[in-house]
Structures are given as structure tokens and as C-alpha cells.
Amino acid sequence: MPRLALGSRALSTYSGDTVVIGLRAGEASKSSRKKAAKAEPEVVSSVELSAELAKGVAAAVEVLDPSTSVGSTTLAPAPAGLKAKKLLLVGLGDGDVSTDDLRRAAGNAARACAKDSSIRLLLPHDDATGLAAIAEGALGGAYTFTAHKSKPAEETLATIEIGTSLGKAHAPKDVLAKAETVGRAVAWARDLVNTAPNLLYPQSFADTVKEVVGASSGKVTLKVLDDKALAKGGFGGIVGVGQGSSRPPRIVEMTYTPTRARGAKKVALVGKGITFDTGGVCIKPAASMATMKSDMAGAAAVAATVVAAAELALPVAVTGYLCLAENMPGGNAQRPGDVVTMRNGMTVEILDTDAEGRMVLADGMSLAAEGGAEVILDIATLTGACMVALGPDVYGVMGNDDEVRSAIATASAEVDEPSWPLPLPADLRPGLDSFVADIAHKADRWGGALTAGLFLQEFAKTAEGEPIPWAHLDIAGPSFRDGGPAGHLTKGGTGVGVATMLRYLENLA
Ligand code: BES
Ligand code: MN
Ligand code: ZN
């Protein structure tokens, strides 16, 4: 990951590769009566440009006629007044510049400079929130995954300098340090998702988490429940899902205890970690299976969030539960019709072995409840139905508690990870009734995201059956990008949920 630094050296002596400046659509055309008059784009920068440089940039704009749409990039040779080699103009649109615009612009700019070694971003912002969006956006856009390349590219972006006019009161250095921690967490979650599923399976996932926790500056303790412990402990949900694979399931419990907790609630984060989802004996068609290495994106987000929460020393107690299993159709695989007994004692009738995520999460949630969780968030690539409802870029939020759901909505909006609320209609609950067991794990296809949520709701409870405030994040859509990169998002794993959960924890404190 590139290093972030405040760009303080004058532009006339800064000897990096590229300087990035913003462009907004000019206002002239709106007020002009002459329709034919084309507005001059407005050059916008976070620091004042010398008269010589401003003139050079204006001349480049005149000749190149660059697009001002958000995130579009236009490269030019450096004009007089810059010591750097190149000038990159990046569009910021025609309205007020939002933090999301800044993230996208910074992300595309960083990616356009992927072969440079050092760049300076001069995107306009007037507070720490804007600066953080630029920094996080640039790190997101610069992300690459080369672990499986035999000859990774030698040139990689090493330093991203960010120019700011914010004074000491905004603590810009601290803002960048924090953005680096968040950026590293997001990149790790992406790495885990992008790792090939022959190499990432429950035990290797647990080993990687152990390594990262060991190397991290935060204080996290780890406990791994192996397949023997899971069977002995009565975790029938995750044991059933994992039994068709030769690579047995694990639950990894990651605990961060702050030195000074500010009276906030004890939070449990429960992540779906299906390292590959074939569907089991209810096997998926090949096209639907192609991206199913990403079915552990929830667990990846939880792992990264707990490590980052510890590194940021957030004053909130957090325990992460990674529910890791591989859903395979081996000779010992579970069948439709099987009845399993869950960790909390409930019996569940399996109707479709492809509805496996809720089974592993339910056991994780019961463990969280036993651990005294006062709030539970679960995050999961749970249903295709949620993607049908909200499209590929927006995650769904359900839950049993208005306060937790709205706190998630707030956090998600603050970090530009779009989400939308979905209901848990009591009228759909009878769809989960089973003729033979306490409950079935799925209903008919209508409202598939909601009935999955209704199933999980049964496990957001104390041993006495009291509801525990809980929200469910269905990230099936935005966890993995099939198409190309866009702004701060890259192809493949996105790390969605890490920023939301971190902000949720921060806002709690
Ligand atoms: N992992 C899938 C959900 C999914 C689909 C995630 C597409 C990302 C992209 C999940 O385990 C699954 O198979 N869900 C089924 C549930 C059904 C069998 C009740 C689905 O959505 O079809
Ligand atoms: Mn499935
Ligand atoms: Zn799945």
C-alpha cells in the first residue's frame, strides 16, 4: 500500500511524477443567455497556485478541453511552474463537491498514476472529513492484488502526497494516519476476498488472521474453535454446512478490549465466512458459482474491522466472530431434509443446502449472545434476493432495533458505503414454520432477503429468549465487483462494510 504524506514542499520544487488538480464545470453556461457559449471549466485546487502555474494550467485546459464529469481524468505534460513531470486534471462534476465525489476522483487519479512512484493530490476540501475522503479514496483506487502473479509489476505507487490548506486545528497529520489505518484494513479485507479459494479455506483463513493480529499494533486476543470443538459444543449449523468438505469448519473469536471503555455497549460482529459456496448438494449452476470465493467477504470485513478498531484504540469493546466453512457436496455433505440442532438448542430443518450462510451465522450469533453481547451486527453475502432488490452497489440493512439500524444507516452514509433499509415483516415468519423441526431455514422465494433476516432474528436473543439489539447487513451485491474498477473501488473484493462498521463503533463511543 502506498504511504500517505502531507505535501508541504512548494510545487516549483516538488520533484514527484504527477500533480493532480481538480476541475469543475464552469457556471458561465447556466447564467449565459447565449446557449452556444461554452462554459470554461473551473480549475479547483486545495492550495493556491502561483500565477505562472495557474496560467499554464488554464492553457492546458483550453487546449485539451478535458471532461469535468466526476472522476474523469486527463493527463498533460507539466506546465511551467511545476517541477513534476505531469499534470493530471480530474473532474469533480458541476454541483457541490461531495465526499463521495472526492473519493471517486482521488481513486481514479491514483489509479491513473499507478506506474508513478510519487504523486501529489491537490483536490479541494474544507474540513478533515474531505481530507479523509481524499486520502481513503486514493488508497482504495491505488489498490492492487498481485499475490498470485508470478511476475508482479515492478513499478508501484509508493507515496501519495496530499496538499491541504487546513490548519493545525484540523490535525491533518492525524487525519492521514487514521486514513492509512482504515485503508490498510479495507485492503486486507479485499486481499482475503481476492485470494484463490484453493488457498483460502477455514484453517488457512484462521492462520492468516493469527498472523495479522500478531503483527498489528493493536491489542486483540484470538480463540479458534476447530471442528472437534464445534461438534462437541453442539454447533450443528456450521458443522452441518462444513461436513461436505474435506477442509473442516472453524469459528475464530477475536476480542479487542479497550484500556478505557467509555461506557459504550459491548458489540459483537458476526461475519459469514464461506470460503467457497458450491451450493452443496443443491449445487449452483456454473455461472452462479464463478464468484463464490467471495462468500467470505463478511468474515473478512469483521476481521479487518476488529484489527483496525484496536489499532485506532477506539474506546469500545468489540468481539468478532468469523464463521468459517466451505460449502461442498462431498460424500458426507448434508441433505435437504436433514434436521440439525443449533448451538442454542433449536432444531432446524434443512430445505436447501445452498442456504448455508444463515446456518453458520446463527451459531456465531448464539456464541455472541453467550459472550454477553449487548449489540450484534452480522454481515454476510447472504442472498441473491438482496441483489435483485437493491442492485449490485447497495447493501441491505435489516434488524430488530430502530436505534441500531439507524446508527448503521448514519455510519454508512458518512463513509459513502451506500445502504438501504429492508423490513422484517412478521407476516412472512410463518413461511419458516417446519412440519418436523422447530423451524425451517428458508421460506418460498418471495422476499428471500427478508425471510433470511427473519431466520437470523431468531438467534439475536439471550439464553432467556430476550431480544438483543441487532442489525443484519446483506452485502451480497457490493462485496465483489465483477466489472472494472470505478473510483476508489477496484475489480474483485471491495472491502465493503469495514468503513461502515468502524464508523459505527466510533460513533458509539
Ligand atoms: N452466497 C449466496 C448468496 C449470494 C448470491 C451472494 C449471489 C453473492 C452473490 C448464498 O449462500 C445463497 O446461495 N443464497 C441462496 C439462498 C436460497 C437457496 C434460499 C440464494 O440467494 O439464492
Ligand atoms: Mn449458498
Ligand atoms: Zn453463500
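Within the bounds of region 120-129, is there any residue that is outside the structural domain of ALA196 (by TED's automatic domain parsing) and within 22 Å of the chain's Cα centre (by Cα)?
Yes: region 120-129 contains one or more residues that are outside the structural domain of ALA196 (by TED's automatic domain parsing) and within 22 Å of the chain's Cα centre (by Cα).
With the checklist (1) of a type in the set (Ser, Thr, Tyr); (2) more than 16 Å from ligand 2 (Cβ to nearest atom); (3) at pLDDT 95 or above in hand, flag the one item THR259 doesn't pass.
(3)
Considering only region 284-291, I want to know if a residue exists there that is open to solvent by 40 Å² or more (accessible area, probe 1.4 Å) and under 20 Å from the mean Cα position of the chain (by Cα).
no
Give, as residue ranges, the helices (runs of 4 or more DSSP H) completely inside region 125-225 that count at least 3 residues that are within 23 Å of GLY484 (Cα to Cα) and open to solvent by less than 60 Å² (accessible area, probe 1.4 Å).
So the answer is 128-142, 172-194.
Which condition from (1) more than 13 Å from ligand 1 (Cβ to nearest atom); (2) of a type in the set (A, V, I, L, M); (3) under 24 Å from the mean Cα position of the chain (by Cα) is the one that MET296 breaks?
(1)
Checking the conditions here, which among PHE459, PHE480 is crowded, with 21+ Cβ neighbours inside 10 Å, under 18 Å from ASP354 (Cβ atoms) and modelled with pLDDT of 95 or more?
Result of the check over PHE459, PHE480: PHE480.
Do you know which of the residues in region 59-77 that are outside any loop (DSSP other than H, G, I, E, B) and among the β-branched types (Val, Ile, Thr) is surrounded by the fewest Cβ atoms within 10 Å (Cβ to Cβ)?
VAL63
Do we find a residue being part of a loop (DSSP other than H, G, I, E, B), aliphatic (A, V, I, L, M) and either within 16 Å of ligand 3 (Cβ to nearest atom) or touching a His at 6+ places or on another chain (Cβ under 8 Å) (or both) anywhere in region 391-407?
No, the conditions are met nowhere in region 391-407.
Looking at LEU473, LEU428, LEU502 in this structure, which one is in a helix (DSSP H, G or I) and either crowded, with 21+ Cβ neighbours inside 10 Å or charged (D, E, K, R) (or both)?
LEU502
Quickly run through region 274-308 and pick out the residues that are part of a strand (DSSP E or B) and near ligand 3 (Cβ under 10 Å from one of its atoms).
ILE274, PHE276, ASP277
Considering region 300-350 alone, what residues qualify as being charged (D, E, K, R), crowded, with 22+ Cβ neighbours inside 10 Å and away from ligand 2 (no atom under 16 Å from the Cβ)?
ARG343
Within 12 Å of ligand 1 (Cβ to nearest atom) and more than 25 Å from the chain's Cα centre (by Cα): is that true of PRO336 in this structure?
Yes.
Consider ALA215 carefully, then state whether it is closer than 24 Å to ARG250 by Cβ and in contact with a Leu (Cβ under 7 Å, 6 or more places away or on another chain). Before you say what the answer is, go through the steps one by one.
On the way: closer than 24 Å to ARG250 by Cβ: yes; in contact with a Leu (Cβ under 7 Å, 6 or more places away or on another chain): no.
No; evaluated as a whole, the condition is false for this residue.
Within region 40-53, count every residue that is more than 20 Å from GLU161 (Cα to Cα) and either touching a strand residue (DSSP E or B) at 6+ places or on another chain (Cβ under 6 Å) or part of a helix (DSSP H, G or I) (or both).
4
Give the number of residues within region 273-296 that are more than 10 Å from ligand 2 (Cβ to nearest atom) and within 11 Å of CYS323 (Cα to Cα).
3
Before we move on, is GLY320 within 25 Å of VAL220 (Cα to Cα), assigned by TED's automatic domain parsing to the domain that holds GLY483, within 16 Å of ligand 3 (Cβ to nearest atom) and in contact with a strand residue (DSSP E or B) (Cβ under 6 Å, 6 or more places away or on another chain)? Walk me through it before giving the result.
Values: within 25 Å of VAL220 (Cα to Cα): yes; assigned by TED's automatic domain parsing to the domain that holds GLY483: yes; within 16 Å of ligand 3 (Cβ to nearest atom): no; in contact with a strand residue (DSSP E or B) (Cβ under 6 Å, 6 or more places away or on another chain): yes.
Spelling it out, it is not the case that GLY320 is within 25 Å of VAL220 (Cα to Cα), assigned by TED's automatic domain parsing to the domain that holds GLY483, within 16 Å of ligand 3 (Cβ to nearest atom) and in contact with a strand residue (DSSP E or B) (Cβ under 6 Å, 6 or more places away or on another chain).
The values are calculated or read from the model by the stated rules, or taken from the named source; none is laboratory data. Not measured: the values here are computed from a predicted model. Here the Cβ is made from the backbone with ideal geometry for all residues, glycine too, and neighbour counts use every protein chain on show. We work out accessible area using only protein heavy atoms, side chains counted, and drop any ligands, DNA or RNA first. Shrake-Rupley method; radii C 1.70, N 1.55, O 1.52, S 1.80 Å.
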